[in-house]
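Q: Have a look at this one.
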Amino acid sequence: MFENLQDRLGSILNGLTGRGALSEADVSAALREVRRALLEADVALDVVRSFTDRVREKAVGAEILKSIKPGQMVVKIVHDELIEMLGGEGVGIDLHAPAPVVVMMVGLQGSGKTTTSAKIAHRLSTREKKKVLMASLDTRRPAAQEQLRQLGAQANIDTLPVISGQSPTDIAARAVQAAKLGGHDVVILDTAGRTHIDEPLMVEMADIKKRSNPHEILLVADSLTGQDAVNLARSFDERVGITGLVLTRMDGDGRGGAALSMRAVTGKPIKLIGVGEKMSELEEFHPRRIADRILGMGDIVSLVERASENIDAEKAAAMAAKMAKGKFDLDDLADQLRQMQKMGGMGGIMGMMPGMAGMKDKMAAAGLDDKLFGRQIAIIQSMTKAERTNPDLLKHSRKKRIAAGSGTDAAAINKLLKMHRQMADMMKMMGGKGKGGMMKQMMGGLAGKMGLGGGMGGMGGGMPDLSNIDPRQLEALQKQAEAAGLGKPGGGMPGLGGLPGGLSGLGGAKLPGLGGGFRGLPGLPKKK
């Protein structure tokens, strides 16, 4: 969503940080470029004007221009103002009300209300252990009612049975009554939408609000609609009175202006963002984390959270035991590739790593995209169990069969086998004795730099138990990472030789099995 804006702001601010001293003219020229970048990203004009005015006011002070690193001070000011524009602190769904808490979903047709209702219900039931009842109030579209029922069945969430002929307000009243009788904690009302805002819609929303007395009224808006989403939010707030916003399709390739404008224009917090089609792909909106991503500073906390949700603790423990013995077969490689896919693929992970945001284009140019993972998993699945355990069995005739089964060719299979051999060699080093193996040294270095000391349990200095990390610990982890230089553009990753900008050098520190930079990554076609 924010890739273009991230690239533009990154190049502008890098130009400032590279200078020893800044004049007022330098700051003004940079802010002109920032203004242009924000306008091109479809941010509302008055929001852009207010943002640049505040940055200029702070950035041209004598203490900034005479400071030791004025460029970095300007970056910090832009970062702080970006957080302020996005709402300061993240605000979640408020459930502090007598049960059943009524959450009313409003928005235009096609914005994703029904799917988002089910995602919120799934999130509340799995994360907060709430008993949720969903009710569809869209009497004009029976398909929408059936869709909510099916989503409820998939996610094991209760849905209100449909009684034909009832009005939306009657359904709302029945849903609240059913929730009281059924001992539900939360009722989610999925209201009807229109292709555009009209008077009958607003009257219906007001009637439902009066009848059900919702504690939260969430406006679901498609982030790809740009400034129209901002006008929509303003209209709904004036007529119905919304308490928060949910932005869908944040994983799309839109310019991100709606997300940056809506909080500033409406004064209402963005509470949740939809980042995919799966039921679990709904995230809380954290202004600081979004600002970090936009400025290429990474988002370690979200990465750890995503890992804790997707990594199977039992499989991780089994893998650690195998690694300790230096064993790593093709089934293990397939598990690693699937976990990468679950966490958003290589691009998604790199986007959250400090200083690594600019790597996506380089990876794409090298042929390392997420489709490659799918092809490699298909190759492994086309092998027999014996072949996966002992790749040395794979001679020409077997490779021919696997290539036909996976829709690939012998060259792709050879690249995969080479990648597996090199990773297996790394595993032997990680499980080695002496100083505790390479993995222990790398993770120990990372832990030391981030102030985690000996708390990196499991695997003898490996990753922490992500499933038990408290959200406050995650925030502390982010601050520690920033203090260690991980959150700064060009900060690099500890344990990787202090490369400028993470791995932007691509030719510096060599990791075993990676051949010194991306050009030597196993399994990748060489540049012609």
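Q: Sticking with the crude label model, points 7 Å out along Cα→Cβ, report the distance from His96 to Ile163 in nm, one decimal please.
A: Going from the His96 label point to the Ile163 one covers 3.6 nm.
Q: Something else: Along the Cα-to-C-beta direction of Arg421, a point sits 7 Å from the Cα; which residues of the range 388-402 have their amide N less than 18 Å from that point?
A: Under 18 Å, as judged by backbone N against the label point of Arg421, lie 388-400 of the range 388-402.
Q: Give the peptides 385-396, 138-149 in descending order of average Cβ contacts within 10 Å, highest first. Let's see the in-between values first.
A: Numbers: 385-396: 12.5, 138-149: 16.6.
My ranking of the peptides, most packed first, is 138-149, 385-396.
Q: Okay, next question. Filter Lys325/Lys371; Lys129/Lys271; Lys209/Lys278; Lys342/Lys399 down to the pairs with a C-alpha to C-alpha distance above 25 Å, please.
A: Values: Lys325/Lys371 31 Å; Lys129/Lys271 19 Å; Lys209/Lys278 29 Å; Lys342/Lys399 28 Å.
Exceeds cut-off: Lys325/Lys371; Lys209/Lys278; Lys342/Lys399.
Q: Please compute, over every Cα-Cα pair in the range 195-289, the percentage with a separation greater than 24 angstrom. Could the numbers behind the result be given before it?
A: On the way: 991 of 4465 pairs.
Here the long-distance tail beyond 24 Å is 22 percent of all Cα pairs in the range 195-289.
Q: Just to compare against my own numbers: the Cα pair-distance distribution for the range 37-158, 10 Å bins, whole % per bin, please.
A: 10, 27, 20, 18, 16, 7, 1
Q: Using the heavy atoms of the protein chains and a 1.4 angstrom probe, tell me the accessible area per residue for the range 84-149 in square angstrom.
A: Values: 2830 Å² over 66 residues.
With the other protein chains kept in place, the range 84-149 gives 43 Å² per residue.
Q: Round to the nearest 0.05 the FRET efficiency obtained for Ile197 and Arg54 when R0 = 25 Å and r is the Cβ-Cβ distance. Don't skip to the end; give the middle numbers.
A: On the way: r = 32 Å, r/R0 = 1.27.
In this case the efficiency is close to 0.20.
Q: Hull surface divided by four, with the convex hull built on the Cα atoms of the range 368-429: how many nm²? Numbers along the way, then the final one.
A: On the way: hull surface 17.3 nm².
The directionally averaged projection comes out at 4.3 nm².
Q: Let me ask something else about it. Which of the listed residues, Ile120, Leu86, Phe2, is farthest toward the dipole's positive end in the range 1-147, when Lys, Arg count +1 and Asp, Glu count -1 at the beta-carbon?
A: Going by the charge dipole, the pick is Ile120.
Q: Please report the accessible area of Lys268 (heavy atoms, 1.4 Å probe, ligands and nucleic acids excluded) in Å², nearest 10.
A: Number for this one is 50 Å².
Q: For the range 1-65, what is the relative contact order in percent, using Cα pairs closer than 8 Å and at least 6 residues apart in sequence?
A: On the way: 35 pairs, mean separation 23.6, N = 65.
Relative contact order for the range 1-65 comes out at 36 percent.
Q: Provide Glu81, Glu281 ordered by accessible surface of protein heavy atoms (probe 1.4 Å), highest first. It would help to have the intermediate numbers written out before the result.
A: Working: Glu81 10, Glu281 55 Å².
Sorted descending by solvent-accessible area, the residues read Glu281, Glu81.
Q: Further question on the same structure: Pop a pseudo-label 7 angstrom from the Cα along the beta-carbon direction at both Gln154 and Met429 and give the gap in nm to one decimal.
A: 4.3
Q: Please compute the length gained on full extension between Ala411 and Thr126, using 0.36 nm multiplied by the number of residues separating them and subtracting their Cα-Cα distance. Can you show the working numbers first?
A: On the way: separation 285, 0.36 × 285 = 102.60 nm, distance 4.41 nm.
Here the answer is 98.2 nm.
Q: Then there is this: Rg and Dmax of the range 181-248, Cα atoms, in Å?
A: 12.9, 43
The values are calculated or read from the model by the stated rules, or taken from the named source; none is laboratory data. Just so you know, these numbers come straight off a predicted model, no measurement behind them. Virtual Cβ from ideal backbone geometry, glycine too; neighbours counted across all protein chains shown. Ligands, DNA and RNA are stripped out before the accessible areas are found, and what is left, the full protein with its side chains, is counted by its heavy atoms. Shrake-Rupley method; radii C 1.70, N 1.55, O 1.52, S 1.80 Å.
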